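The values are calculated or read from the model by the stated rules, or taken from the named source; none is laboratory data. All values reported here derive from a predicted model rather than from experimental measurement. Virtual Cβ from ideal backbone geometry, glycine too; neighbours counted across all protein chains shown. Heavy atoms of the whole protein, side chains included, go into the accessibility calculation; ligands, DNA and RNA do not. Shrake-Rupley method; radii C 1.70, N 1.55, O 1.52, S 1.80 Å.
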Amino acid sequence: PAQTLTPHPSPTTAEAKNGVTPEASAMDLSKAELHFMKKIPSGAEASNVLVGELDFLHQPLVAFVRLTPAVLLSGMTEVPIPTRFLFVLLGPGGKAHQYHEIGRSMATTMTDEVFHDVAYKAKDRADLVAGIDEFLDQVTVLPPGEWDPSIRIEPPKNVPSQEKRKMPGALDESSSHSKPEKHSGPELERTGRLFGGLVLDVKRKAPWFWSDFRDGLSLQCLASFLFLYCACMSPVITFGGLLGEATHGHISAMESLLGASMTGVVYSLFAGQPLTILGSTGPVLVFEKILYKFCKEYTLSYLSLRTCIGLWTAFFCVVLVATDASCLVCYITRFTEEAFASLICIIFIYEALEKLSHLRETFPVHMHSKLDLLTIYYCKCEPPAHPSNETLRFWRSNGINVLGIAWGNLTVTECRSLHGEFQGPACGHNGPYAPNVLFWCCILFFSTFVLSSLLKKFKTSRYFPTRVRSTVSDFAVFLTIVIMVLIDLGIGIPSPKLHVPHMFKPTRDDRGWLINPIGPNPWWTVLAALIPALLCTILIFMDQQITAVIVNRKEHRLKKGCGYHLDLFMVAVMLGVCSVMGLPWFVAATVLSITHVNSLKVESDCSAPGEQPKFLGIREQRVTGLMIFVLMGCSVFFTSVLKFIPMPVLYGVFLYMGVSSLRGIQ
């Protein structure tokens, strides 16, 4: 009978006689009690522990009562919940403290899930005693001299499961030794058929396809995508700029934007693990630099050779998919992933700080200046005293008459474009000193980092209702960027801003959107491209799969499964497309992916006072990834808004992502 419980049974005859019905007593609940009722799961029952002293008793009396059915005893419990158990202890006077401690121990015992299962099913006194014995075997004792009872011990973040205690004979020594963590599961078993793993991945992910869009309809996903859009925009454009410098504009910011949005949209729609965010990684940039240098030395067409290498790499990746090579992922240990992830995080942190310090060259500071001489400091543009051959050629080819120019009235940009020189006490290495800009950039950079971190932790602060706190915490980085942009506009110091290409056309006029793999190069380059393509394949396979392993970790509690083969296949297909179109290559970006997963964590709402919220899993969906890259493709049309975002703010976001991704690395 104890198993067929109803949360609020009909009032018993005794209560009906007194005229107290549960409905009537429920009406008198104060606001605080109603709030407390919400925290208690439906169907909960109370156990009342009562202790007291009586003068006429010579020895203590103890009774443990189980009521069937559970009875609503009005005035006993703080909130109207039916009572199932009563523990009564009465004894002679003078030992009140001792009785209180016994009662407290009994109440503690009743909170143990294993013991209250025993209490529900016990047939006689011996069963109860056995239950208490088992409980005492599992209890940790703190000796009184070793700790201070007035200090509160923090509840743990996640409580270990008690399932083992419920199984007879499970508490042997052998089970307590943990086995090393391995990535195993149906996704990583060899099928022995061509494309067998890919087919299984598709079958595994297809049933979840529609739910991946339904699950994306939540405020948390909006927060995640706004934050990651800003976070992904900056590296894509920065990466485009760096590639532009490395390849003399053959591939620059415009190509980077188009490539990222195309690859990202296709990947988010069809990949096996849409929580992975694709980005441009450092190793790929190094590869492009070396390749461009090589082509320049041997006068080969860079884009054509790159297309060949890209197509070969895509082909090799498809071969890896066909042979189920992704099964090798199970040999990637926790040590390897964490070493890899921490390397990438440290690179992120280093890059952010390096970019900030790099601003010193663009905005030089006038060190050791005297405030009294501010009226005398100047920096003028003058024609170079000893022009180089290059400058003379430039003047000749553009028909510039040096004597006919009013050099003193030129702006900084005009002076640089005409190859003039800056003269005066307020001149740096390559231009006039820029007051305030560098220090203002430092303030923006560190404020962004600190404010993002503080707003992220706002969830656990004491102010505002839970919903407001969690919303602020979800939108932390987006709010920070908005606040910083407004402060920057208000102060009005000309900090460097985000430059987004504003027209949809290739950076150089001498190239189109489709590249011929042979072009002006000799035919044998197609075969020679095999060698660098092999290196590139290893690079992309490792980068992609280690990131996928980190995202698919057991502790993220993913329910929809993963698809290593399908992921690699989508990356390979888009790699081929990007190569033919002359766009940069994109693979899974570790820090962005970890940040994406962290921004979609779901925690339990309903927690009793003082209880820590429980981690339930990750909101698995395709919407955030899709929206990030769709918006990225449309960025060409938002330049009027994006041009207000200061670069130091984005560097601050970089630093925040690097530092926050380091958390949890053991």
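Every residue in segment 401-411 that is surrounded by fewer than 14 Cβ atoms within 10 Å (Cβ to Cβ) and over 19 Å from TYR378 (Cβ atoms), please.
Correct list: ASN401, LEU403, GLY404.
For segment 437-446, state whether one or more residues are closer than 29 Å to LYS370 by Cβ, over 43 Å from the mean Cα position of the chain (by Cα) and part of a helix (DSSP H, G or I).
For segment 437-446, residues closer than 29 Å to LYS370 by Cβ, over 43 Å from the mean Cα position of the chain (by Cα) and part of a helix (DSSP H, G or I): absent.
Give the residue, chosen from GLY428, GLY404, that is out of contact with any Leu (no Cβ under 8 Å at 6 or more places or on another chain), more than 30 Å from LEU650 (Cβ to Cβ) and at pLDDT below 80.
Going through GLY428, GLY404 in turn, the sole match is GLY404.
Could you identify the single residue in VAL591, VAL649, VAL653 that is under 12 Å from the mean Cα position of the chain (by Cα), crowded, with 16+ Cβ neighbours inside 10 Å and part of a helix (DSSP H, G or I)?
None of the others qualify; the one that does is VAL591.
Between LEU444, LEU410, LEU451, LEU392, which is within 30 Å of LEU228 (Cα to Cα), out of contact with any Asp or Glu (no Cβ under 7 Å at 6 or more places or on another chain) and hydrophobic (A, V, I, L, M, F, W, C)?
LEU451
For ARG462, state whether it is open to solvent by 30 Å² or more (accessible area, probe 1.4 Å), free of Cβ contacts under 8 Å to residues at least 24 places away in the same chain, more than 30 Å from CYS379 (Cβ to Cβ) and assigned to a helix (DSSP H, G or I).
no
Of all residues in segment 113-130, which are in contact with a helix residue (DSSP H, G or I) (Cβ under 9 Å, 6 or more places away or on another chain) and open to solvent by 20 Å² or more (accessible area, probe 1.4 Å)?
GLU113, HIS116, ASP117, VAL118, LYS121, ASP127, LEU128, ALA130
Could you say whether any residue in segment 619-628 is part of a helix (DSSP H, G or I), within 30 Å of TRP208 (Cα to Cα), among the hydroxyl-bearing types (Ser, Thr, Tyr) and modelled with pLDDT of 80 or more? Steps first, please.
As a first pass, look at segment 619-628 and keep what is part of a helix (DSSP H, G or I): 623-628.
Narrowing further to those that are within 30 Å of TRP208 (Cα to Cα): 623-628.
Among the residues that remain, those that are also among the hydroxyl-bearing types (Ser, Thr, Tyr) are: 624.
Applying the additional criterion that residues be modelled with pLDDT of 80 or more yields 624.
Checked against the condition, which is being part of a helix (DSSP H, G or I), within 30 Å of TRP208 (Cα to Cα), among the hydroxyl-bearing types (Ser, Thr, Tyr) and modelled with pLDDT of 80 or more, segment 619-628 yields at least one hit.
Within segment 234-275, take every residue that is over 27 Å from the mean Cα position of the chain (by Cα) and open to solvent by 30 Å² or more (accessible area, probe 1.4 Å) and give me the one that is modelled with the lowest pLDDT.
GLU245
Within segment 280-322, how many residues are modelled with pLDDT of 85 or more and β-branched (Val, Ile, Thr)?
5
Here are the criteria: (1) more than 30 Å from TYR564 (Cβ to Cβ); (2) surrounded by 11 or more Cβ atoms within 10 Å (Cβ to Cβ); (3) not aromatic (Phe, Trp, Tyr). Tell me which single one HIS368 does not satisfy.
Going through (1) more than 30 Å from TYR564 (Cβ to Cβ); (2) surrounded by 11 or more Cβ atoms within 10 Å (Cβ to Cβ); (3) not aromatic (Phe, Trp, Tyr) one by one, HIS368 breaks only (2).
Restricting the first residue to segment 97-114 and requiring it to be over 19 Å from PRO60 (Cβ atoms), which pairs with a second residue that is open to solvent by 70 Å² or more (accessible area, probe 1.4 Å) meet a Cβ separation below 6 Å and a spacing of at least six or different chains?
none
Considering only segment 517-534, how many residues are surrounded by 12 or more Cβ atoms within 10 Å (Cβ to Cβ) and not in a loop (DSSP other than H, G, I, E, B)? Lay out the reasoning, then the answer.
Restricting attention to segment 517-534, the residues satisfying the condition of being surrounded by 12 or more Cβ atoms within 10 Å (Cβ to Cβ) are 517-519, 521, 525-526, 528-530, 532-534.
Among the residues that remain, those that are also not in a loop (DSSP other than H, G, I, E, B) are: 525-526, 528, 530, 532-534.
Looking only at that region, the number is 7.
Within segment 274-302, how many residues are in contact (Cβ under 8 Å) with a residue 40 or more places away in the chain, farther than 16 Å from LEU527 by Cα and outside any strand (DSSP E or B)?
Total meeting the criteria: 14.
Just need a number here: residues in segment 64-94 that are of a type outside the set (A, V, I, L, M) and either touching a Phe, Trp or Tyr at 6+ places or on another chain (Cβ under 9 Å) or surrounded by 19 or more Cβ atoms within 10 Å (Cβ to Cβ) (or both).
The initial filter retains those residues of segment 64-94 that are of a type outside the set (A, V, I, L, M), namely 64, 66, 68-69, 74-75, 77-78, 80, 82-85, 87, 91-94.
Add one more test, that the residue is either touching a Phe, Trp or Tyr at 6+ places or on another chain (Cβ under 9 Å) or surrounded by 19 or more Cβ atoms within 10 Å (Cβ to Cβ) (or both), and what stays is 64, 66, 78, 80, 82, 84-85, 87, 91-92.
Selection size over segment 64-94: 10.
For segment 431-441, give me each residue that is at pLDDT 80 or above, open to solvent by less than 40 Å² (accessible area, probe 1.4 Å) and not aliphatic (A, V, I, L, M).
TRP440, CYS441
Kindly indicate whether THR507 is at pLDDT below 85, crowded, with 17+ Cβ neighbours inside 10 Å, more than 30 Å from THR336 (Cβ to Cβ) and out of contact with any Lys or Arg (no Cβ under 7 Å at 6 or more places or on another chain).
It is true that THR507 is at pLDDT below 85, crowded, with 17+ Cβ neighbours inside 10 Å, more than 30 Å from THR336 (Cβ to Cβ) and out of contact with any Lys or Arg (no Cβ under 7 Å at 6 or more places or on another chain).
Scan segment 472-493 residue by residue and report those that are assigned to a helix (DSSP H, G or I) and either surrounded by 21 or more Cβ atoms within 10 Å (Cβ to Cβ) or of a type outside the set (A, V, I, L, M) (or both). Please lay out each step first, then the result.
Of all residues in segment 472-493, those assigned to a helix (DSSP H, G or I) come to 472-474, 476-491.
Answer for segment 472-493, where residues must be assigned to a helix (DSSP H, G or I) and either surrounded by 21 or more Cβ atoms within 10 Å (Cβ to Cβ) or of a type outside the set (A, V, I, L, M) (or both): SER473, ASP474, ALA476, VAL477, PHE478, THR480, ILE481, MET484, ASP488, GLY490.
Go through (1) in a loop (DSSP other than H, G, I, E, B); (2) open to solvent by 30 Å² or more (accessible area, probe 1.4 Å); (3) without any contact (Cβ under 8 Å) to a residue 60 or more places away in the chain one by one and return the number of the condition PRO384 breaks.
So PRO384 meets the others, but not (2).
Only one residue in GLU338, GLU354 is open to solvent by less than 60 Å² (accessible area, probe 1.4 Å), of a type in the set (Asp, Glu) and assigned to a helix (DSSP H, G or I). Which one?
That would be GLU338, the only listed residue that is open to solvent by less than 60 Å² (accessible area, probe 1.4 Å), of a type in the set (Asp, Glu) and assigned to a helix (DSSP H, G or I).
Can you give me the number of residues within segment 551-575 that are open to solvent by less than 10 Å² (accessible area, probe 1.4 Å) and either within 22 Å of LEU222 (Cα to Cα) or in a helix (DSSP H, G or I) (or both)? Write out each step before concluding.
Taking segment 551-575 as the starting set, the residues that turn out to be open to solvent by less than 10 Å² (accessible area, probe 1.4 Å) are 551, 563-565, 567-568, 571-572, 575.
If we keep only those that are either within 22 Å of LEU222 (Cα to Cα) or in a helix (DSSP H, G or I) (or both) too, we end up with 551, 564-565, 567-568, 571-572, 575.
Final tally of qualifying residues: 8.
Can you name the condition, by its number, that LYS505 falls short on among (1) over 27 Å from the mean Cα position of the chain (by Cα); (2) touching a residue at least 40 places away in the same chain (Cβ under 8 Å); (3) not in a loop (DSSP other than H, G, I, E, B)?
Against the list (1) over 27 Å from the mean Cα position of the chain (by Cα); (2) touching a residue at least 40 places away in the same chain (Cβ under 8 Å); (3) not in a loop (DSSP other than H, G, I, E, B), LYS505 comes up short only on (3).
Sort out which residues of segment 412-421 are over 45 Å from the mean Cα position of the chain (by Cα) and either outside any helix (DSSP H, G or I) or surrounded by fewer than 10 Cβ atoms within 10 Å (Cβ to Cβ) (or both), and write them in order of number.
Hits for segment 412-421 are LEU418, HIS419, GLY420, GLU421.
Can you tell me which residue within segment 47-63, out of those that are part of a strand (DSSP E or B) and either among the hydroxyl-bearing types (Ser, Thr, Tyr) or open to solvent by 60 Å² or more (accessible area, probe 1.4 Å) (or both), is farthest from MET106 (Cα to Cα)? Don't jump to the end; show me each part of the working.
Residues of segment 47-63 that are part of a strand (DSSP E or B), as a first pass: 47-53, 61-63.
Those left that are additionally either among the hydroxyl-bearing types (Ser, Thr, Tyr) or open to solvent by 60 Å² or more (accessible area, probe 1.4 Å) (or both): 47, 50-51, 53, 61-62.
Details: SER47: 10, LEU50: 10, VAL51: 11, GLU53: 17, LEU61: 15, VAL62: 12 Å.
Step by step, filter segment 47-63, then rank; the result is GLU53.
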